[in-house]
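Visitor: First the structure, which I've put down as structure tokens, then a few questions once you've had a look.
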Amino acid sequence: MDIEKIQVKILQQIVKIANAKPDLKTRLSKIANLIKDDFNVAVCSIYLADDTRNFLILRATTGLDQSLVDNVQVPIGEGLTGEFAREKKAIASDDPQRIFPKDFLPKKDLQNIKFSISIPLFDEEDFLGVMDLLSTEQNPFDSKTVEFLESIANQVSGIIRNAKIIYEANHSLSELTKLNEIGKALNSASSLDSLLNLIVKTSLELIPARGCILRLLNKETNLLEIKASSGFEEFVRRTPTIELGQSVAGIVGKEKTPLLIHDIRDETSLTPTSRDLPFTSILCVPLISKDEAIGTIGLLDKLKGERIEVGSIFNQKDLRLLATLASQAAIAVERTFYYENMQKLAKEKELKIRELSILHEISNAMRSTTNLNRRLYMVLTAVTIGDGLGFNRAFLLMVNEKANVLQGMMGVGPASAEEAGKIWSGLHKEGKTLTDILLAKIPMDELSKSKVNEIAKSLRVQITPETGILARTVLEKKPFNITNASQDPEVSKDIAAKLNTNHFASVPLLARDKALGVLLVDNVFNKKPITESDLNFLVMFANQAGLAIESTRLYSYLEETNEELKRTQQRLVESEKLAALGEMAAGVAHEIRNPLVSIGGFARRLQQKLNGTGTEAKYLNIIIREVKRLEKILQDVLYFSKESPLLLSKNNINEIIEDTLLFFESEAKEKNITMKVSLDKQIPPFLLDSQQIKQVLINLLTNSVQAIEKNGKLDIKSFLKNNNSVAGVEITDTGGGIPVDVLDNIFNPFFTTKNTGTGLGLALTRKIVEKHGGQIKIRNKIGEGVTFEIDLPIDSIDSQDKPSEV
Amino acid sequence: MPRILVIDDEENIRLLYEIELKEEGYEIITAATAEEALKILETSEVDLITLDIRLPGMNGIEFLRKVKEKKRELPVLMCTAYDDYKQDFGVWASEAYIVKSSDLAELKTRIKEFLK
Ligand SMILES: Nc1ncnc2c1ncn2[C@@H]1O[C@H](COP(=O)(O)OP(=O)(O)OP(=O)(O)O)[C@@H](O)[C@H]1O
Ligand SMILES: [Mg+2]
């Protein structure tokens, strides 16, 4: 077979398939088709490794029965697979018995097969799968052909990797969205029972499984009792309780760490009855509150979903997901617990009905929002309002863990006794209930101007025992009732002076045994003493408030991650668009580039002949310049749309900089731009693609020169950073900087503010830098200029081609 | 005078290369197809070849292989409009890979390197 004749055609077709829209499977089977036809083999099959990397699963084939797709599983390591996974190259054999998939395929399909070759699919070190060609001829391929097949395999690997990245991004996004919704739902469940059932239901939605069991710990008996479940009714009925420390759930509860079990039947040490259990795989995580396990959630037998790689066992990602859900669930459980237990508590502590209903109203109101500031405001309002806890003033201080300080955040209350009287009677007249007030809009203006809020913000204490009562409230997680602040050695002079009161109480805001902050209250105006029962109530309230605050923090964390993912997805979409564009551009490039060469080439000749005078020369200049521009656009678009592999070799970055600067010398002189160059000679040569890095520097310098226009300065520096693990290059110009609305867009392909720009310069620059595993940073001073810094890792070149880059 | 064989199916490009390279002091022979070029090589000695890849009939990569089988030492510069072939191992046998441009400076420097 004359393989070279069809090489180019095949490669082109594969690139076309790679860039086409359909799902991965369709693309793989198109490739299998193509290979079967063009290489004239009986069968071409593509197997992909599953999540666990234990099996190869048939994902596409031509020549075999289509019903085998997804149903043939070959253990990795069996037959030749182990060998070529290690060697990373194709292995051929004319002894059909040696090739692995044989035993796994129906005999009738293999009758005339005389030869088989398996080509592994790799993404860097990661083994993705294998491409199998079966032929009825003896030794149909020469070494050139095999080499060519390997390069096709490379392309196929790229296709798979990209599909996986897109899939993962979409998948995580939907998971996070779900988690976020779940959090909100959990927060609004009204009774413990309905909450527990909701947790079970949502766990199963998040990670499809045959069953889910939720257990809560009964502290008196030390038994984990099933409180809600789905599936495995018989099992649930038989084993309603488990002792702490026994079986999977018992161990999870006791050790407070998740367990992920692939096959419970192998785990006889965990539970003696493991052989008779009606399920095989288990994922179990603890529900933790105040550093203690209050229960467990267990998922049983993962269901196959629609995935690129189907794994029927739980994986680390499932574990993380369930653990995140569990941390939200634990908060919700505890809070609901709390409320349900309140009735009991009320009797014990003889809490007044009024107080109970206040707590109820407040916790309801807080559920209405997930905004941290609002919740904080509600907490303080509830503490100070006459219908609420009725303190004169309330201050909220939050722990800043990094700085280890307690920082005042917000203060609520009147500034003076008269104002106090006015507000209280005013509210009464308006006939507003506590809930009305809590749900009203935050009067942010008033709040930020108020004197009490100012005092609050000025409070700042280091969290060490020596700094006194506020720090101790956090450290010891208990309340303090101060009756003589000015004389008390535990109250610092500074705090006493700012509060200007002798009597105040300080209680910790707790969430899951962590002190988030301190609630400080006083009765500075009516001088009402703070009683023991006031303090009890305040503690209870602070617990509730702490949980509410903690859960908003979880939300905002989730929302941030969510945003981040949306951005990644946006970039993926962008790059897909570009791929389509590139495909088109590649197609016409040939057609366009040749005429451009002729037009531009002859124009240049004419220009030489005319010796650069007169209007003709001017017109010629325009032609030459415009052709140059078109050629650059063509080059940029093509570059951008292709995966240009890095051609790495050890290079001295300083030499590349100096080389590049040569280009700019005359232009700089002409425009009166002074260049200051300081290069760190200590930077060792390291692996990089010198052409592409040169491109980066050219792009950045061109932008700077264009921004300066005339008369200015260009600073070029190279240096080592991060313990000599990173080489930095900095280019600073005096071009006036980048306007804010422009700044957000500069890396977007085709964004430009210039008449003759393509807007691909920085997009390309970023792409190249990221491919090197590096970063690009901007310091922008509007009115002055910009500094672009590129950081390139010196030795971690294997971390290149990050998944964010597609 | 060093002799260069220019292979390109576009007449304008052949003409441009011919004029420009003659001015650099080379003798130029041109061919529009690979087949034609092979014939020329049977009868004439050349010192360097510039070779387009997309050609009617036999393509540049095939031609490259045929030439290299016989004359390992003869420098061949690939000059193409489409730089995707760069990744094709078939072109690795060539001495240089140049993407065509209306500015012939790069082509000229590369040729000079090989014909010193
Ligand atoms: N050093 C700089 N100073 C001021 N603005 C800049 C600077 N660098 C980039 N910009 C702004 O960012 C935009 C995008 O830059 P980019 O290099 O991507 O495209 P371009 O220069 O417009 O076109 P191309 O580089 O493709 O010819 C520019 O149009 C310009 O508005
Ligand atoms: Mg630019």
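Visitor: When you scan the range A:31-40, do you find a residue that is crowded, with 20+ Cβ neighbours inside 10 Å, assigned to a helix (DSSP H, G or I) and modelled with pLDDT under 85, even just one?
Guide: The answer is yes, given that some residue of the range A:31-40 is crowded, with 20+ Cβ neighbours inside 10 Å, assigned to a helix (DSSP H, G or I) and modelled with pLDDT under 85.
Visitor: Among (1) open to solvent by 40 Å² or more (accessible area, probe 1.4 Å); (2) near ligand 1 (Cβ under 10 Å from one of its atoms); (3) over 28 Å from the mean Cα position of the chain (by Cα), there is one condition A:Lys681 misses while meeting the rest; what is its number?
Guide: All conditions pass for A:Lys681, except number (2).
Visitor: Find the residue count for the range A:750-773, including only residues that are part of a loop (DSSP other than H, G, I, E, B) and either open to solvent by less than 10 Å² (accessible area, probe 1.4 Å) or within 16 Å of ligand 2 (Cβ to nearest atom) (or both).
Guide: Residues flagged as part of a loop (DSSP other than H, G, I, E, B) and either open to solvent by less than 10 Å² (accessible area, probe 1.4 Å) or within 16 Å of ligand 2 (Cβ to nearest atom) (or both) within the range A:750-773 amount to 12.
Visitor: Same structure again: I'd like to verify a number: residues in the range A:385-397 that are open to solvent by less than 10 Å² (accessible area, probe 1.4 Å) and either assigned to a helix (DSSP H, G or I) or aliphatic (A, V, I, L, M) (or both), how many?
Guide: Within the range A:385-397, residues that are open to solvent by less than 10 Å² (accessible area, probe 1.4 Å) and either assigned to a helix (DSSP H, G or I) or aliphatic (A, V, I, L, M) (or both) number 3.
Visitor: Now for a separate question. Using beta carbons and a limit of 8 Å, which pairs, at least six apart or on different chains, have the first residue in the range A:744-762 and of a type in the set (Ser, Thr, Tyr) and at pLDDT 80 or above and the second one open to solvent by less than 20 Å² (accessible area, probe 1.4 Å) and near ligand 2 (Cβ under 8 Å from one of its atoms)?
Guide: Pairs found: A:Thr752/A:Gly759.
Visitor: Could you check the range A:733-749 and list, in sequence order, the residues that are within 15 Å of ligand 2 (Cβ to nearest atom) and buried (at least 19 other Cβ atoms within 10 Å of the Cβ)?
Guide: Residues satisfying the conditions are A:Asp733, A:Gly735, A:Ile738, A:Ile746, A:Pro749.
Visitor: Out of A:Ser704, A:Ser690, I need the residue that is open to solvent by less than 60 Å² (accessible area, probe 1.4 Å) and either out of contact with any helix residue (DSSP H, G or I) (no Cβ under 9 Å at 6 or more places or on another chain) or within 16 Å of ligand 2 (Cβ to nearest atom) (or both). Which one?
Guide: A:Ser704
Visitor: Right, here's the next one. Conditions: (1) at pLDDT 90 or above; (2) in contact with a Gly (Cβ under 7 Å, 6 or more places away or on another chain); (3) away from ligand 2 (no atom under 16 Å from the Cβ). A:Ser796 meets all but one. Number of the miss?
Guide: With (1) at pLDDT 90 or above; (2) in contact with a Gly (Cβ under 7 Å, 6 or more places away or on another chain); (3) away from ligand 2 (no atom under 16 Å from the Cβ) applied to A:Ser796, the lone miss is (1).
Visitor: For the range A:232-251, which positions are of a type in the set (A, V, I, L, M, F, W, C), part of a helix (DSSP H, G or I) and either in contact (Cβ under 8 Å) with a residue 40 or more places away in the chain or on the phi > 0 side of the Ramachandran plot (or both)?
Guide: So in the range A:232-251, the residues of a type in the set (A, V, I, L, M, F, W, C) come out as A:232, A:235-236, A:242, A:244, A:248-249, A:251.
Still in the list and also part of a helix (DSSP H, G or I): A:235-236, A:248-249, A:251.
Result: A:Phe235, A:Val248, A:Ala249.
Visitor: Residues that are away from chain B (no Cβ under 14 Å), modelled with pLDDT of 85 or more, open to solvent by 20 Å² or more (accessible area, probe 1.4 Å) and in contact with a Ser or Thr (Cβ under 7 Å, 6 or more places away or on another chain): does the range A:42-52 have at least one?
Guide: yes
Visitor: State whether the residues of the range A:652-665 include one that is surrounded by 15 or more Cβ atoms within 10 Å (Cβ to Cβ), charged (D, E, K, R) and in the same structural domain as A:Leu760 (by TED's automatic domain parsing).
Guide: No, because not a single residue in the range A:652-665 is surrounded by 15 or more Cβ atoms within 10 Å (Cβ to Cβ), charged (D, E, K, R) and in the same structural domain as A:Leu760 (by TED's automatic domain parsing).
Visitor: Now a separate question. Scan the range A:763-785 for residues that are within 12 Å of ligand 1 (Cβ to nearest atom) and in contact with a Lys or Arg (Cβ under 7 Å, 6 or more places away or on another chain) and jot them down.
Guide: Passing the criteria: only A:Ile776.
Visitor: Does A:Val705 count as within 16 Å of ligand 1 (Cβ to nearest atom), away from every other protein chain (no Cβ under 14 Å) and within 20 Å of A:Val726 (Cβ to Cβ)?
Guide: So A:Val705 does not fit the description; no.
Visitor: Out of all the residues in the range A:708-732, which are more than 16 Å from ligand 1 (Cβ to nearest atom) and crowded, with 17+ Cβ neighbours inside 10 Å?
Guide: A:Ser718, A:Val726, A:Ala727, A:Gly728
Visitor: Only one residue in A:Glu626, A:Glu591, A:Glu563, A:Glu576 is open to solvent by 50 Å² or more (accessible area, probe 1.4 Å), more than 14 Å from chain B (Cβ to nearest Cβ) and modelled with pLDDT of 65 or more, so which one is that?
Guide: The unique qualifying residue is A:Glu563.
Visitor: Just for the range A:260-285: of the residues that are assigned to a helix (DSSP H, G or I) and either within 16 Å of A:Leu204 (Cα to Cα) or not polar (S, T, N, Q) (or both), which one is modelled with the lowest pLDDT?
Guide: If we take residues in the range A:260-285 being assigned to a helix (DSSP H, G or I) and either within 16 Å of A:Leu204 (Cα to Cα) or not polar (S, T, N, Q) (or both), then A:Arg275 is modelled with the lowest pLDDT.
Visitor: What strands (runs of 3 or more DSSP E) lie completely within the range B:1-104 and have 1 or more residues being at pLDDT 90 or above and surrounded by 19 or more Cβ atoms within 10 Å (Cβ to Cβ)?
Guide: Working: elements: B:3-7, B:27-31, B:48-51, B:76-80, B:96-99.
Strands (runs of 3 or more DSSP E) meeting the threshold: B:3-7, B:27-31, B:48-51, B:76-80.
Visitor: For A:Gln635, are the conditions met, namely being assigned to a helix (DSSP H, G or I), within 14 Å of chain B (Cβ to nearest Cβ) and within 14 Å of ligand 2 (Cβ to nearest atom)?
Guide: Judged against the criteria, A:Gln635 is a match.
Visitor: Out of A:Thr674, A:Thr660, I need the residue that is away from chain B (no Cβ under 14 Å) and more than 16 Å from ligand 2 (Cβ to nearest atom). Which one?
Guide: When all the criteria are applied, what remains is A:Thr674.
The values are calculated or read from the model by the stated rules, or taken from the named source; none is laboratory data. Source: prediction; values computed, not measured. Virtual Cβ from ideal backbone geometry, glycine too; neighbours counted across all protein chains shown. For the accessible areas, the whole protein counts, side chains as well, though only heavy atoms, and no ligand, DNA or RNA atoms are used. Shrake-Rupley method; radii C 1.70, N 1.55, O 1.52, S 1.80 Å.
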